[in-house]
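Trainee: The structure that follows is given in the form of structure tokens.
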Amino acid sequence: MNLSICETCGNPITNRSELTVSKEHFFSIPKAYHHECYIDQMEDIRSYYTQVEPINSVLYSLRIFMLTAVYFFLFSIRIRSVMYYLFLGISGSLLGIEWFSRIYSLVVYERQFLTKKHMRI
């Protein structure tokens, strides 16, 4: 089994409760951290450039679902304007990046903890 390696300390992450996935900026690939290492990193000066909300949090997932619902609502409104289509294109692209980050986090980092062997009930 492949264990995720913390980007800060280099030690393996063995428990899902230790895992925190975050990006350095909006367009970067998500990276795995120990929760303690992530908190220490957020206290550093580099935290100004780091995304504050972890990707594998429930709040992040809820935000993506809400933004998707708003996007589909706006997509259903028929306004014939160049600005409207430009807005839909840009916001759809940004929403696609958010979905990519969440799915990437699930497939690369969180999948190893979703097996029945490691799952806590």
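Just so it is clear, none of the values below were taken in a lab; they were calculated from the coordinates. None of the values given here were measured: they were computed from a predicted structure. Neighbour counts are summed over all protein chains in view; Cβ atoms, including those assigned to glycine, are modelled from backbone coordinates with ideal geometry.
Trainee: Treating only the Cβ of Lys, Arg, Asp and Glu as charged (+1, +1, -1, -1), what charge dipole size does the chain show about its Cα centre? Round to the nearest 20 debye.
Mentor: 680
Trainee: Using the alpha-carbon atoms, what tilt in degrees (0 to 90, nearest 10) does helix 58-76 show relative to the longest principal axis of the chain?
Mentor: Its long axis makes an angle of about 20 degrees.
Trainee: Sticking with this one: Read phi for every residue in segment 102-108 and hand back ³J(HN,Hα) as whole Hz from Karplus 6.51 cos²θ - 1.76 cosθ + 1.60, θ = phi - 60°, with x for Gly and Pro.
Mentor: Whole-Hz 3J(HN,Hα) from phi for segment 102-108: 5, 5, 4, 4, 5, 6, 7.
Trainee: While we're on this one: Show me, bin by bin at 5 Å from 0, the whole-percent P(r) of the chain based on Cα pairs.
Mentor: The distribution over the chain is 2, 10, 18, 19, 17, 12, 9, 6, 4, 3, 1, given as percents.
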